[in-house]
Each structure stands twice: as C-alpha cells, then as structure tokens.
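Inspection log for the structure reproduced underneath, given as structure tokens.
Only the coordinates and a few stated rules stand behind these numbers; no lab work does. No experiment lies behind these values; they were computed from the predicted model shown. In this analysis, Cβ positions are derived from the backbone assuming ideal geometry, glycine residues included, and neighbour counts consider all displayed protein chains.
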Amino acid sequence: MKWPTHKSDDTEKWLSETLEAARQRTGDEVARRRVWARIEGLLSGKSLPLLRGRSLALPALTGALVAVAVVAVLWMVPATRPTHSPVVAKRVASSVASASQPGPVVSKVVSQGSSAAPVRTGQGEKARVALVGGAGVELDANSVLSWDAERRPSVERGQARFEVPHQSPGARFAVSAGPYVITVVGTKFHVGVDDDRVSVEVEQGVVEVWRGPRSVRLVEGDSWAGPIRGLASPTVERRPSLAGGALRHSSLGDSPALVENGPASLELTQARTALGEGRPEDALAMLNHCAKGMGPAAENAAYEMGRVLRDSLQRPRAAVTAWANYRTRFPNGLLRAEADLSILETLGRVGDKAAALDEAESFLVRYPNSERRDEVAKLAARLRGATGQ
Amino acid sequence: MNQQNSAGSQRPGPVAEDRALVERVRNGDALAWRALYERYAQPVFRFVSALGVPPEEREDAAQDVFVAVYRGLGQFRGEAQLSTWIYRIAARHASHLGRRRRMRSFLSILPWHEAEPEPPPDPAERASELRLLDRLLAKLSPKKRMVLVLFEIEGLGVNEIANVMGCPPNTVWSRLRHARAELVKAARRITT
C-alpha cells in the first residue's frame, strides 16, 4: 500500500518527501563505529554458550520493577551519572585522572570500553584503567588486571589501587582476586595478589571480602590477607592510618576472619530469585527471616526489605519503616548512607515534605563530605521553600 | 526481511544470508559477527531514532540491542526472520527507554525535582524537516508510532510488523490507519 496517496495535497506531499528522507537517514557513521568498538570490547573472548539464555526479554513484572528502580535512581541521581552494570559497560571516561591522585608516573592509560583484554604492566611500568561506573584502577609494576566471567575486574597478579565513586542506591561494585570477591559501595582500596595469597587494604570507606558464603568487612585503615589455595583463614589487622602507595604486607595478627554466612547467604540469594520471578511477598518473607540472622547477609536483607516494600509491593511507608529499622540495627552499616537516601527519596515521593526535609538536613550533618551533598543540599533548599521554613 | 513493503533505503540482505551468518556466529566466527553488526547497525540506529530515542541515548541503546542479540543468538530458533527478531529486541528496548523518559519528564515537573537541561541537538541530523517529522511522530501513541515507523520508514510488511509487535495483522492495519490520519492532521496543523 502506497502512502501518502494524495500528493497534490501540499501536506501529504511534504509528508511523503520527509518520510522518504527518513528512510534514507544513514545516521552517524562514527557513532556506529564507536558502538562497534564498545561491543567488541565487551564481547571479545566470549563464546556464545557463556552468553546464552539472557536477553532484554524480561518478564513484564521484572520490567516494571526495573522501571521503578530506574525511576528511583533517576530521581536522586543526575541523568549523566554513570551506573555500574556488571554486564554491559556504558561509555567509560576517556580520562582517569581522578582515579588516583596524586598520580605517579603512568605509562599506560586504558579504557575498558575499548578493550577487555587483560592489562599487563612490566618492570617499572604503571597503568591506569577506567572502569564502568566511573571507577578507576591504578596498576603497579608487574601486575595483571583482567575481567572475569561476570565481567568484574579481576586482579590476577601484583598490586592494584581502586578508586570507586559512590554507587547508585542498591548498586555494588565488585572486584575479584583469586577465590575472593571484594564488594564496595564507594571507596578507595588496594588489592594485592601474589603466588599464595590475596591482600586488601582499605584507604577510605568500607569493603567486604567474600569467598563463597563467608565474608569479612573491612573499614578504613584495615588490612587483610587470605590464602589463594586451601581453606580461607584470613586475618585482619587494624591500623590507625594508611599512607598511600603500594600495599604493605605487615605482620598480620589473629584478628577477625571471614564470617560464615551459610544459610543466610543462601536465603538472600533465594529471596532475590523470588523477586526476579515476580514473587515479592515470598521474597519479603525470606528477607525478613534472613535479616534476623547475623553478618553481612542479614544486613543486606534488612536493607533490601525496604526496596521490596517500596518498589515491588508499592508500600512506601512500610519501606521507610523497614529502612528505619535497618538504621537502628546497623547504625554504622555499609548501606547506612543508602538507607538514609532511600528514606529521603521515598518520603519525597509520598509528599511528606516536612519529614523529607528533616532527613535531608540530617544527611547533610552526618555526611558533610558526601559526593551527594550538593544534590541533597539543593533538595533541602527546595523542601524548605515548599514547607515555608 | 520481508520486502513486501519495499522502501528505498538500505535493507539487510536475503534470509539465506542471515541464516548463514547466524550459524557462523554461533560457531565463533568473529568476522561473521562483525558482518552481522554491519548489516543491522544502520537499521537499528535508524529505527531507535525514529522511535524517539534522543541522540544522546542512541549509542547506548544500539549497544544494548546488539549485546542482547549476541546473547540471544544461541536461542534464536530461526522461526522468525533474523531482521524481525532484531527489530523485536530493538522495539522492546526503545519502548523501555521511552517509558523511562516519560517518567523522568513526569518527575521533572514535581516541585522538588530539578529539571534536566535540554539535550543538545544531534549534529548528524540538522535537517529541519526530519526534526519536524520527529516532532509529529512524537504526537502519536507509542504503539501507533511503532507501526508507522516499521511500515513507512523500515519498510516491513504487515505480517512482519505483527510478528515484531506480537499482535494480529488486523490490529496492525488498524493502528496504521489511525497513525496516518493523526500524522496528517498534526502535519496540517503545523504547515498551514
């Protein structure tokens, strides 16, 4: 069927010509090449079976959940802020000058988006690598950084200093090293891998080191080491402060080792699966049970209850209560700032401006150096105007 | 690709070539994957553009579509044409992005939300007529817009559009008829 048919009519003639122009629209060749480079970098070295079974075809409910989560993130986070995705790397910063300062002499600057091949440094050589989510890593001499099957950066050998900006609410940044996975929300830390052990040193923020269901939480000034082979019996040393530079292997005492999360960790995984399958009530029950336990899995579950209540069950007030309970139980928890922001955001969404203003002002007092400070300060100013304070 | 509604723009090659490409990609042939991308990158970019994905999001959208294509090739059974399958993935993703934009737009009018700055125009698309067409298309509902774009710009036949959108051919005809009427009406309002 040909259309428009009445080409004597000026409007339809214009439409006909413009639609033809749209058919011939070739787009930007450079953009297509740029996208190819990113796709090639993402998929290089991967065979199809590894990627089979995943597509954008999510079930409708999951799609709705994601949409709600995106809305939540967009509401609090500037639109241009990169978000961490373990699978799909978006544009990465062309410069990683902020990844490490003051910066030593660096002979390589690599963007993950342009190549997923391992990055190796030789004798006397250092490299900076831009990662997804605005993170950066500085590799010391004689080090190797690659990407594991889940597209997490993986320190294979040597010393690496990571700088990870604060992640979007609920998002974690993960690095693998031997049998361990180090997860963070926003921090600076060093990872070292030699022939028989992995070591982690926290310069700023909080990190978790996981091996299977066991984990240990490290805070600023902590250093930790665990064996690559055999059962993990890592130790933690707490020191008052850290100097920058390469990781130091000081003598490690008999401080706390990895905590067994066993059933709680499994339950958390099952809860996430239930949520993905569109069973939020089941997920909430599992999270509630898990949250009554101990360790990081319990803390994560306590936080995630709020997200399920708000995003999946549309119960924002109950979500605020759940996050408030989290804060009571884990006043210095890894997700404390996320809980604060989630409460603030949710109160704003339900229109409780006075309570949102209280939260915003508390946030500004509690986190004077937060990178979200300006954003929250602007929000507080608007709320003050709206509430007449 | 169904060529029954043939348009003048570049179209992906014959079905047999697509099947051979898919088979080679499945066997780990990197050159075949590159060829598949070259064949469909332009249609995907054009399609997401016509569906209203703004210039600053198009590269990410195209990347997401092709990563999904790559992941899904292992499950692609060949019951539909490769082009139909790719259009379906792109349509779904563009719809998702559209919902996100609409929600963002809605939130931007809330009193405590800071409005986002207007995105810069795409230097590759300076033609005022095309920009005007995009504005007219934006007045259509997402489903009508998709039908019209697939038929008039991408050159798909009605049955193939029905396959992409998961609806009966009669529904496609109906949406197409309404979309055309609304587009002409909107165009008259602007040009007269």
Built amide H within the under 5 Å cut-off of A:R128, gap 5+ = A:K108, A:V109, A:V110, A:L139
message = I want to check the label-to-label distance for A:A318 and A:E17. Put each point 7 Å from Cα in the C-beta direction and report it in nm to one decimal.
response = 6.1
key: Amide H within-cut-off set for A:D148, under 5 Å, with H built and near neighbours excluded   = A:S154
ask   = What list do you get for A:T273, B:T171 if you sort them by fewest beta carbons within 10 Å?
value = A:T273, B:T171
query = HN-Hα J couplings of segment B:153-162 from phi, Karplus 6.51/-1.76/1.60, θ = phi - 60°, integer Hz, Gly and Pro as x?
reply = 9, 7, x, 7, x, 5, 5, 5, 4, 4
note = Any residue on another chain or 5+ positions along whose placed amide H is under 5 Å from the amide H of A:I182 is listed here as A:V175, A:S176, A:A177, A:W210
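Could you put A:M294, B:M165, A:M286, B:M146 in order, starting from the residue whose Cβ has the fewest other Cβ atoms within 10 Å? Before the final figure, lay out the partial values.
Working: A:M294 11, B:M165 20, A:M286 25, B:M146 28.
Going from sparsest to densest Cβ surroundings: A:M294, B:M165, A:M286, B:M146.
Sorted by packing (mean other beta-carbon atoms within 10 Å per residue), highest first, where do B:65-71, B:77-83 land?
Values: B:65-71: 23.1, B:77-83: 15.1.
Descending mean neighbour count gives B:65-71, B:77-83.
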query = Can you list the HN-Hα couplings for segment B:81-93, worked out from phi with the Karplus curve (6.51, -1.76, 1.60; θ = phi - 60°), rounded to whole Hz and with x for Gly and Pro?
reply = 5, 4, 4, 4, 4, 5, 4, 5, 4, 5, 5, 5, 5
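So if R0 is 60 Å, what FRET efficiency would A:A386 and B:A20 give, r being the distance between their Cβ atoms, rounded to the nearest 0.05? Could the numbers behind the result be given before it?
Values: r = 62 Å, r/R0 = 1.04.
Efficiency for this residue pair is about 0.45.
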